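Note sheet for the following structure.
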């Protein structure tokens, strides 16, 4: 049974369509990245999954239980970190972490070693009152409380918002450790390098619609590979080869982008010209993401 199932999910606020017919799943030990700019519907989808919002159509289930009907039971087995963390100003960070851990029915003591290790890794000062914390430190409190728990599913909505690059790196290490322990992670982010580095599968939301979904390797065919090649003989006629785009020639060096399905034909054309240097760069998640948004009409976004 999948840990999370989203089936034809739709959500409307009056006449505003926030989500439309969104479907995806998450298996045990898998990290799924949901990407899109602000307003794409990422947070709305997460709030429906958490049982905070009732869907207008379709359904979501966690551990085989309906998100709306069984929210209380589901929350006992998940950890959630929002992008904007609000804490009790008169409590210290350490007190809040312990309080969150105690809510899980496990108490702070069984998790003390893990808790203290995470506090050290995230460079958090647990004795300070939360009113004195910056946005990044408030985020650290939520992350430490989540990672110190024994949750089965981690739902992270823009979790590195406010973190500096060093702490974002620590966050990535923690996510990889969770995956190694067989935990499941749903990561919503607009930081493409973060999703590409940490997630097994990705879904791209655009205007509340899931426009692409799958493993990154399966989606790379949708974008073009960057190629730079030097040949002993001039590559006359390369621009006419199917799949070659944006050709730039500087003496014997040709730089271009190529449709992945045409690469064998392109290499076959170049080989008789005596290739002396060839470099290629596979399409990145950023390229895939921008190709969807740059090709969209304004009214679609």
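The values are calculated or read from the model by the stated rules, or taken from the named source; none is laboratory data. Keep in mind that this is a model prediction, so the values were computed, not measured. Because the Cβ atoms are built from the backbone with ideal geometry, glycine has one as well, and the counts that use them run over all protein chains shown.
Structure data summary
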{"read-out": "Test for residue 182: is it at positive phi and assigned to a loop (DSSP other than H, G, I, E, B)", "value": "yes"}
{"read-out": "Residue among 217, 127 that is touching a strand residue (DSSP E or B) at 6+ places or on another chain (Cβ under 8 Å) and either without any contact (Cβ under 8 Å) to a residue 24 or more places away in the chain or farther than 22 Å from residue 45 by Cβ (or both)", "value": "127"}
{"read-out": "Every residue from region 185-207 that is under 16 Å from residue 157 (Cβ atoms) and part of a strand (DSSP E or B)", "value": "185, 186, 187, 188, 189, 202, 203, 205"}
{"read-out": "Region 12-35, subset without any contact (Cβ under 8 Å) to a residue 60 or more places away in the chain and either outside the structural domain of residue 201 (by TED's automatic domain parsing) or part of a strand (DSSP E or B) (or both), residue nearest to the chain's Cα centre (by Cα)", "value": "25"}
{"read-out": "Qualifying residue in region 270-280 (condition: over 30 Å from residue 212 (Cα atoms), outside any strand (DSSP E or B) and in contact with a helix residue (DSSP H, G or I) (Cβ under 7 Å, 6 or more places away or on another chain))", "value": "no"}
{"read-out": "Selection count, region 227-243, where residues are in contact with a helix residue (DSSP H, G or I) (Cβ under 9 Å, 6 or more places away or on another chain) and in a strand (DSSP E or B)", "value": "3"}
{"read-out": "Unmet criterion (only one of (1) over 16 Å from residue 80 (Cα atoms); (2) in a strand (DSSP E or B); (3) touching a strand residue (DSSP E or B) at 6+ places or on another chain (Cβ under 6 Å)) for residue 154", "value": "(1)"}
{"read-out": "Some residue of region 220-232 being exposed (fewer than 12 other Cβ atoms within 10 Å of the Cβ) and not assigned by TED's automatic domain parsing to the domain that holds residue 79", "value": "yes"}
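Here's the yes/no breakdown for (1) touching a residue at least 12 places away in the same chain (Cβ under 8 Å); (2) assigned by TED's automatic domain parsing to the domain that holds residue 34:
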{"residue": "178", "(1), (2)": "yes, yes"}
{"residue": "212", "(1), (2)": "yes, yes"}
{"residue": "235", "(1), (2)": "yes, no"}
{"residue": "267", "(1), (2)": "no, no"}
